Amino acid sequence: MRDEMKNGKMMNLRRLVLAGFCMGAASAPGAQQVGAAVAPAPSASAEQIFRIDGGDVTYAIGVTKEGALQTVYWGAKLGGNDPLPRPQAVGRAFEINDSPQEFAGWGGGWLSEPSLKITFPDGNRDLVLHYVSHQMQAHGMTVVLKDIERDVLVTLHYDMDPATGILGRWATIENRTGRPFLIEQAESGEWNLPRSGAYVLRYLTGRWGGEDQLRTRPVVPGETVLESRRGLTGHEFAPWFAIAQNSRVTERDGEVWFGALAWSGSWRITVEQDEMQQVKITGGYNPFDFGYELAPGKTLNTPVFYGGVAQHGYQEMSRLESEFQLARILPQAPHPKLRPVLYNSWEATGFNFDETTQERLADKAASIGVERFVMDDGWFSTRTTDKEGLGDWYPNPQRFPHGLKPLIDHVHSLGMDFGLWVEPEMVNENSDLYRKHPDWIVHFKGRPETQARSQFVLNLALPEVQQYILDFLDKLVSENDIAFLKWDANRNFSEPGWVQASPDEQKKIWVAYVEGYYHVLSTLRQRFPRLEVESCSGGGGRVDLGVMHLTDEVWPSDNTDPFDRLSIQDGFTYAYTPEVMMAWVTDSPNWYNGRATSLTYRFLSSMQGSLGVGANLNKWTPEDFATAKQMIAVYKEIRGMVQRGVLYRLVSPRDGSNVSSTESVARDGKSAVVFAFLHSQQMQYPFPTIFPQGLASDTVYSIQPIGGRLPSGTPEKASGAYWMHHGIDFPLRGDFAAEAAVLTAE
Ligand code: DGJ
């Protein structure tokens, strides 16, 4: 295995360009340099405290006299001269369980989730990590820990974003013992909260077609586990958590600790409350079936676990996350381009199309103001159903007798750029690629191979598979003027075998596959810097901060029903920026649930994210084209606010709510857009008054409705104070009604 090379690639992904924050060691006698050639013996003898400040946050860690590394504070920024709590002295063996460890090895009486668990070749499984040295760096700090006896070194990396106070943490585990050992659990670290029995956990759960449903539950004694065992991020849980101080925390008030993992494979986050009401959150690789044999001299990096603190409720949490992702995570950070309005042909054509069909759709898409035309699945080899052709990446000669160029030229002549769907990690059994390389798939030798959507997963841990994918994508993108790839992945792992690896290295697939995937994507982006990519996985099966570092947008769900999307989008924005949240306007009745909605309702639902159109334009009436043209023109005016602004979830669509409303305010506060949705009116009750937030009280804003009219008596202009306190009355009636209004400072 090429651990170093792979880990080197991973390091490239960790683009944590963070500067300008204040950080210091309260006492650092004898501090040693990270990465000394010979591992020094643990030798702490004096207490030390290190402090990191950024945004409105202080994070502090301390070393006990014995050498244990503990969290001493994570919360609102403290005064520069405030005394920091001392680390807790740990005397008798099991007292260690009452102390907030930063990165616990499994050993020495530790009973909670460890960050690192190792089996050594002699059968020893005891690991006690003590402080060795630390190093202050321009962008953060590192702390080196070492087992009290063996040459197992762990370097903890800390990087805090100066603007938002979001801290990125990960660990490098190094084997200097001279013999291989087996890592059975490797986490990025532990987040420790102040002791309390009143915490409330929020998390995102779902399934295919029903992703990102926000759930709330008290943090109770024991463990709550959020995870994916699927090899990919998964639809079931987002690798994200938010923990509020208590159940009274709202969108606007109260302290919230939050975090997200940057990993696109199997992951796990555990929220644990111990018997002393100490709450800790541990996260990183999923220990389920984990087994990473680390050869002497090699290292393993854990994923980055980002964490932050918001003082003013969930709204501020989302603002911090969004600012951080736009400025630090996305490939084009710190200045990602505004997302173009795209058209995608999937729901219009399915697998049934040719060059002419696509060109006619492109004509119509261009006529309503679409900026990017994307051809979805079915353009290549023999792929006319989902049962064949996947893996053979050349244009279907019957459908595209002269290749893709004529269609792309046509799209360009209409003033749009061109995007293409690919699913590089997968292969149909009925394909030339599978016939030639049946051993390239993830499977166990001699065991049945489970198919899903008639396809297998190619093992991206294999360099030859990475090369195959890079070669065909390189050819496709260099021979055709392609601005955008929609990168799909429509199934999870099953039978996670890696037949080319030796038995003791097989389980490395959980890490090596994802590193292979990141390697292909980052190499592609390096070769084609202007190429943009969307992460899709049968809807929202691969959305996380790791993939968002390499892709410009994500597809939250295959469920395009505009009403269901309100709660999917609501959940999504708790963890991720609306900029990357693709949202298509599709047909009515919707294919997913048969629900009929007006075109205006569909547009307004989608205009809360990155707008796309996925309807069958061949069925549209002239009135539909006129509505769409007008809505897209409006969207282009407001997309800066929606994609870059500050989001306020004014009324939640969750839990069967009959109404919902969001507002996006431009960063400079000079404009805002308010969306309002009515599910079904009863007894002629009027739609409740909506109260915008985040406006400048003394500034005068004019109001302009989108998609309807405001009631007579609504002033054409009024102060921010008026709109925020008097509110806006949207005259919504009936079922699935929607309207929006733009407020613009005079
Ligand atoms: C699943 C995606 O989520 C859809 O949007 C579409 O691209 C299909 N795959 C195509 O097979």
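Quick notes
- ASP274/ARG530 FRET efficiency (R0 41 Å; Cβ-Cβ; nearest 0.05): 0.20
- Zone of THR744's modelled label, taken as backbone nitrogen in the stretch 636-662 under 17 Å from a point 7 Å along Cα→Cβ: 636-642
- The overall shape of the stretch 705-746, judged from the alpha-carbon gyration tensor, is prolate: a/c is not under 1.5, and a/b is greater than b/c.
- Here the simple spin-label model places points 7 Å from the Cα toward Cβ, and for ASP82 and GLN682 these points are separated by 4.7 nm.
- Gain in span if fully extended, ASP735 to GLU223, counting 0.36 nm per residue against the direct Cα distance: 180.1 nm
- Taking a straight line from the alpha carbon of LYS364, these aspartates and glutamates sit under 18 Å away, with near neighbours fewer than eight places off in the same chain left out: GLU347, ASP354, GLU355, ASP376, ASP409, ASP417, ASP587, GLU623, ASP624.
- R0 of 51 Å, Cβ-Cβ distance ASP354-ALA696: FRET efficiency to nearest 0.05: 0.40
- Rounded, prolate or oblate (a/c below 1.5 giving rounded, otherwise prolate when a/b exceeds b/c) for the stretch 634-678 by Cα gyration tensor: prolate
- Per-residue extension of 0.36 nm, minus the Cα-Cα distance of ASP289 and TRP591, leaves a gain of 104.9 nm for this segment.
- Net lengthening on full extension, ARG667/THR450 (0.36 nm per residue, minus Cα-Cα): 73.2 nm
- Net charge dipole size for the stretch 595-699 [Lys, Arg +1 and Asp, Glu -1 on Cβ; Debye, nearest 20]: 300 debye
- Two numbers describe the Cα atoms of the stretch 650-745: Rg and Dmax, which are 13.0, 41 Å.
- Of all beta bridges that DSSP places with both ends in the chain, some 85 percent have antiparallel geometry.
- Restriction of the trypsin sites (Lys or Arg not before Pro) in the stretch 440-546 to DSSP coil positions whose beta-carbon has at most 14 other beta-carbons within 10 angstrom yields LYS445, ARG453, ARG530.
- Residues ASP386 and PHE625, FRET efficiency given R0 of 41 Å [Cβ-Cβ distance, rounded to 0.05]: 0.85
- Mean-position separation - Cα centroids, the stretch 61-117 and the stretch 280-296, in angstrom: 21 Å
- What the Cα convex hull of the stretch 112-179 gives, in volume per residue, is 96 Å³.
- The chain, relative contact order [Cα under 8 Å, separation at least 6], %: 10 percent
- The separation of the stretch 673-746 from the stretch 558-614, counted between C-alpha centres, amounts to 21 Å.
- Set of lysines with alpha-carbon distance to LYS436 below 22 Å, sequence-local pairs under 8 removed: LYS387, LYS445, LYS475
- Value of relative contact order over the stretch 650-745, rounded to a whole percent, pairs C-alpha under 8 Å and six or more apart: 35 percent
- The stretch 291-449: C-alpha gyration tensor shape, a/c 1.5 cut-off, then a/b vs b/c: oblate
- Distances between every pair of Cα atoms in the stretch 250-344, grouped in 10 Å steps from 0 to the bin holding the largest one, split as 12, 28, 33, 20, 6, 1 percent.
- From its DSSP helices (H runs of at least four residues, each -39,500 (n - 2.57)), the chain gives a residue-normalised ellipticity at 222 nm of -6000 deg cm²/dmol.
- Dividing the mean sequence gap of close Cα pairs (under 8 Å, 6+ apart) by how many residues the stretch 489-589 holds gives a relative contact order of 20 percent.
- Taking a quarter of the surface of the Cα convex hull of the stretch 551-610 gives a mean projected area of 3.7 nm².
- Label-to-label distance for TYR394 and ARG125 is 5.4 nm, based on points extended 7 Å past Cα in the beta-carbon direction.
- With only the Cα atoms considered, the stretch 526-635 has a convex hull volume of 119 Å³ per residue.
- Partner lysines for LYS280 [C-alpha distance under 24 Å; skip if fewer than 8 residues away on the same chain]: LYS65, LYS77, LYS117, LYS146
- Hull-based mean projected area of the stretch 102-228, where the convex hull spans the alpha carbons, in square nanometres: 11.1 nm²
- In whole percents, the pair-distance distribution calculated for the chain from its alpha-carbon pairs, binned every 10 Å from zero, is 3, 14, 24, 24, 19, 11, 5, 1, 0.
- Near-label residues of the stretch 442-484 by backbone N, under 19 Å of a point 7 Å along Cα→Cβ of HIS402: 479-482
Laboratory data are not the source of any read-out in this text; all were calculated from the coordinates shown. These numbers were taken from a predicted model, which means no experiment stands behind them. Using ideal geometry, Cβ is built from the backbone for each residue, glycine included, and neighbour counts are taken over all protein chains shown.
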